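What follows is a short report on a single structure.
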């Protein structure tokens, strides 16, 4: 079959799913590699570096009782003050810290105003003259959220990466499946297509249907090929929703009892093209049954073999 034919262009497998699958697979793997490389050597810094948001720090601390607690989106949080050489740091935890001496790691975050005021009140109660203006002289400007797990981000990224890989493989396998199926189909009907190439054909573009001298070919989603001499019954078909026509097509039955709707249209502005195609089809198969009637329905049963 000629590679430049309109029919071949319509029956060959589009590579959209393959392209999207390969792109998604490449992006997923690339993102995974980047995340691994970025976090491979990320080690916690000392508290002396906790002067910006998003710094991963660690420290050996001695705890006293918490000075505040809050409900943040249903997560119960406790806040502690730790004293290191008469300078304080705020620790945030979503569970009670029982040990007085322990090593903690976490990420620096902004201090909520309410927590900042609680810290000021607490420090004033223990004899320090602290207010919002001199707060930074006594307390680090950023709290340390020890609920943060450096591996959480990796887990999230790898989860989405895994989902991306699975979806991409599904798209690629879907393309391969359709390609193999279509290749077998073309091989099976090679002689038919070679014959069709030499016949004069009429193509109903919107309905993706061909009518040649001896064959009717529908290429809408699945390929259907009918030898015109095998068609025993034809009639217009329509589907309505709330009284409005939402789909029109042509019903076909061959002498083996196989049925199919072809030349499907959903935009009624193409109804004249559909009727024109139907008329051409009738001219090609004058011995077939036309129109849906109970008589034709019963008669079609006698023509099946």
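The values are calculated or read from the model by the stated rules, or taken from the named source; none is laboratory data. This is a predicted model, so every value here is computed, not measured. A quick note on method: Cβ atoms are made from the backbone with ideal geometry, for glycine too, and the neighbour counts reach across all protein chains shown.
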So residue 78 ticks every box in (1) surrounded by 17 or more Cβ atoms within 10 Å (Cβ to Cβ); (2) in a strand (DSSP E or B); (3) at pLDDT below 85 but one. Which box is left unticked?
(3)
Does residue 119 count as surrounded by 16 or more Cβ atoms within 10 Å (Cβ to Cβ) and on the phi < 0 side of the Ramachandran plot?
yes
Going through region 283-300 in order, the residues found to be out of contact with any helix residue (DSSP H, G or I) (no Cβ under 7 Å at 6 or more places or on another chain), part of a helix (DSSP H, G or I) and surrounded by 12 or more Cβ atoms within 10 Å (Cβ to Cβ) are 296, 297, 299, 300
Residues of region 83-130 being part of a strand (DSSP E or B) and without any contact (Cβ under 8 Å) to a residue 24 or more places away in the chain, in sequence order, are 83
Looking at the structure I just gave you, is residue 289 farther than 14 Å from residue 208 by Cα and without any contact (Cβ under 8 Å) to a residue 40 or more places away in the chain?
no
Do we have residue 144 as part of a helix (DSSP H, G or I) and touching a strand residue (DSSP E or B) at 6+ places or on another chain (Cβ under 6 Å) here?
no
Strands (runs of 3 or more DSSP E) fully within region 163-276 counting 1 or more residues that are surrounded by 13 or more Cβ atoms within 10 Å (Cβ to Cβ) and in contact (Cβ under 8 Å) with a residue 40 or more places away in the chain:
202-204, 209-211, 215-218, 231-241, 244-254, 259-265
Residue under question is residue 135, and the condition is that it be at pLDDT below 85 and surrounded by 14 or more Cβ atoms within 10 Å (Cβ to Cβ); does it hold?
no
Looking only at region 218-256, count how many residues are within 21 Å of residue 273 (Cα to Cα) and in contact with a helix residue (DSSP H, G or I) (Cβ under 7 Å, 6 or more places away or on another chain).
10
Which one of 7, 47 is surrounded by 14 or more Cβ atoms within 10 Å (Cβ to Cβ) and modelled with pLDDT of 70 or more?
47
